[in-house]
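The values are calculated or read from the model by the stated rules, or taken from the named source; none is laboratory data. What you see is a predicted model; the values in this text were computed from it and never measured. We place every Cβ from the backbone using ideal geometry, glycine too, and count neighbours over all the protein chains shown.
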Amino acid sequence: MTATNTRQSRRIIVVDDEFHVRSTITSYLGKNDCKVAVFDNSHDALAAFQRDGCDLVLSDVKMPGMDGVELLERIRELDRDVPVVLMTAYADLDMAVNAIKKHAFDFIIKPVEFECLLVAVEKGLRYRYLSILEKDHSARLEKAIEEKTRELQGMHRQMVHSEKMAAVGLLSAGVAHEINNPLSFVSSNLSTLRRYYSRMNDLLVWQTDAINASGNPDIVMEQEELKKTLKIDRFVGDVQVLLDECLDGVDRIKRIVAGLKNFAHRDEDTATEANLNDLIQSTLTIVWNEIKYVAELKKELGEIPRIRCYPSQINQVIMNLLVNAAHAIDKSGVITVRTWQDENSVCMSVADTGCGMSEETINRIFEPFFTTKEVGKGTGLGLPISYEIVMKHGGTIDVESCVGNGTTFTVRLPLAHPEYAEGE
Ligand SMILES: Nc1ncnc2c1ncn2[C@@H]1O[C@H](COP(=O)(O)OP(=O)(O)O)[C@@H](O)[C@H]1O
Ligand SMILES: [Mg+2]
């Protein structure tokens, strides 16, 4: 067997206390392409191993101070894989067996026959080479598996998201329509009832005053008793509150239905050329009431070209981001709206100095119906709808947030969207 594999590293540490053995082995291995570091004691050999490492250790067993077996143990503690070949006389056979138990790679009987030595060394170097390859391979495999797992998890999240969006879309088409009708008449009837009741109450007050002023004690008494029995005084106040609560509830349902309807009727819009800056300006006039009490608004609108898009849908994205920004601010803060152009897109960011979001919240914001807001204030549909709209425009929506410091949403819309290029 000759040393022909040049890819293998062949650094060998040789330890023997006998000068003659050391020098003949070193010169023989040197001729066989090995790079040898030679030592006359285990301590120095171990120090060299710790400092520089090697691919194989060839050590005498019997040596003054630290013997070969102890050296083997110390090397094993540092590196499980470096092969250690021990050299021993017949008389030390027990020791050799012990050494093998302690994971010596091989042992050679002294006096050393060079052919045997080379076989053991080549075997050891081959083992070392293969274990390095294996480690490298395992590491690469692990990394590949990790990457694949992450990719699959991402795809899975995306699929679950699309499934949910599809379900909401389907649901919204039916439910929004079905609920809308009864909702309209419940809402309008409640308003009418509230108005009628207010008039009846005026009449009741007038009648009570008239009876009290009539000077007829029997009728006054009868009126008082009837009022007591029917608990009129209590419910006069209650009815007003109950009706107000009902109207408030109906308002909330209306908002949810409006959100759902957006899923169903988004496609009825038509694509046209529009400038994002104009869309921002017009949306701002609508949401100004939500913003003006909590935030100073900064506009940094850059020079940007018109793009082909569905303007009313983009308006909706802008509105959702602005309203969310306003909701995130507790007492007072700043909302900054920026636009700019980069190589392929028109970009917009909405940044607020509000409460920010935890990692957990960020992971869920595009889930339909996910909201951290109190009942009545949030429907959890704003961002999922915005996400869908931006995706359909071939764009991206990103978020950066820091709890306590604020949030920035960035929307990028492609300058040329292949689907919308011809109009639809
Ligand atoms: N600018 C923001 N700052 C902090 N949290 C936000 C911001 N925008 C969105 N969020 C979080 O994302 C959630 C989902 O938002 P959205 O889909 O618009 O639903 P909603 O506003 O009805 O709750 C919010 O409830 C809130 O927790
Ligand atoms: Mg919202």
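The set of residues from segment 356-392 being away from ligand 2 (no atom under 13 Å from the Cβ) and either closer than 22 Å to ASN315 by Cα or outside the structural domain of THR410 (by TED's automatic domain parsing) (or both) comprises GLU388, ILE389, VAL390, MET391, LYS392. Among the residues of segment 199-229, those identified as within 23 Å of LEU243 (Cα to Cα) and in contact with a helix residue (DSSP H, G or I) (Cβ under 8 Å, 6 or more places away or on another chain) are ASN201, LEU204, LYS227. Within the span defined as segment 54-65, every residue fails to be loosely packed, with under 15 Cβ neighbours inside 10 Å and part of a helix (DSSP H, G or I).
Of all the residues in segment 393-402, those that are part of a loop (DSSP other than H, G, I, E, B) and either within 12 Å of ligand 2 (Cβ to nearest atom) or under 15 Å from VAL350 (Cβ atoms) (or both) number 1. Looking only at residues in segment 234-249 that are of a type outside the set (Gly, Ala, Ser) and free of Cβ contacts under 8 Å to residues at least 12 places away in the same chain, the one that is nearest to GLU224 (Cα to Cα) is ARG234. Checking each residue in segment 36-69 for being over 18 Å from ASP106 (Cβ atoms) and out of contact with any helix residue (DSSP H, G or I) (no Cβ under 7 Å at 6 or more places or on another chain) picks out ASN41, HIS43, ASP44, ALA47, ALA48, ARG51, ASP52, GLY53, PRO64.
Just one of the numbered conditions (1) of a type outside the set (S, T, N, Q); (2) in contact with a Phe, Trp or Tyr (Cβ under 9 Å, 6 or more places away or on another chain); (3) part of a loop (DSSP other than H, G, I, E, B); (4) more than 12 Å from ligand 1 (Cβ to nearest atom) is not true of ALA416: (2). Scanning segment 41-63 for residues that are in contact with an Asp or Glu (Cβ under 7 Å, 6 or more places away or on another chain) and at pLDDT below 95 yields ASP60, VAL61, LYS62, MET63.
Among the conditions (1) buried (at least 20 other Cβ atoms within 10 Å of the Cβ); (2) within 16 Å of ligand 2 (Cβ to nearest atom), MET348 misses just one, which is (2).
Residue count for segment 80-126 under the criterion of being part of a helix (DSSP H, G or I), within 16 Å of CYS34 (Cα to Cα) and touching a Leu at 6+ places or on another chain (Cβ under 7 Å): the result is 3. In segment 178-297, counting only helices (runs of 4 or more DSSP H) that sit wholly within it, the ones holding 1 or more residues that are under 20 Å from SER386 (Cβ atoms) and modelled with pLDDT of 85 or more span 276-292.
When segment 335-389 is limited to residues that are under 19 Å from the mean Cα position of the chain (by Cα) and closer than 30 Å to GLU303 by Cβ, the one that is farthest from ligand 1 (Cβ to nearest atom) turns out to be GLU388. Going through (1) farther than 14 Å from ILE12 by Cβ; (2) surrounded by 21 or more Cβ atoms within 10 Å (Cβ to Cβ) one by one, LEU93 falls short only on (2).
Contact map, segment 321-342: residues that are over 15 Å from TRP288 (Cα atoms) and assigned by TED's automatic domain parsing to the domain that holds CYS355 paired with residues that are near ligand 1 (Cβ under 10 Å from one of its atoms) and not in a helix (DSSP H, G or I), Cβ distance under 6 Å, separation 6+ or inter-chain. Pairs shown: ALA328/ASP352; ALA328/GLY354; ALA328/CYS355. Scanning segment 305-326 for residues that are near ligand 1 (Cβ under 9 Å from one of its atoms) and surrounded by fewer than 20 Cβ atoms within 10 Å (Cβ to Cβ) yields a total of 1. Selection of first residues in segment 309-320 that are on the phi < 0 side of the Ramachandran plot and of second residues that are within 15 Å of ligand 2 (Cβ to nearest atom) and outside any helix (DSSP H, G or I), restricted to Cβ pairs under 9 Å at least 6 apart or on distinct chains, gives the following pairs, ordered by first then second residue: ILE314/VAL411; VAL317/ILE397; VAL317/VAL411; ILE318/VAL350; ILE318/VAL411; ASN320/LEU381. For beta carbons closer than 7 Å, sequence separation of 6+ or different chains, a first residue in segment 22-44 that is without any contact (Cβ under 8 Å) to a residue 12 or more places away in the chain and a second that is surrounded by 15 or more Cβ atoms within 10 Å (Cβ to Cβ) and hydrophobic (A, V, I, L, M, F, W, C), the qualifying pairs are GLY30/VAL36. Taken together, MET391, MET357 contain a single residue that is of a type in the set (A, V, I, L, M) and surrounded by fewer than 17 Cβ atoms within 10 Å (Cβ to Cβ), which is MET391.
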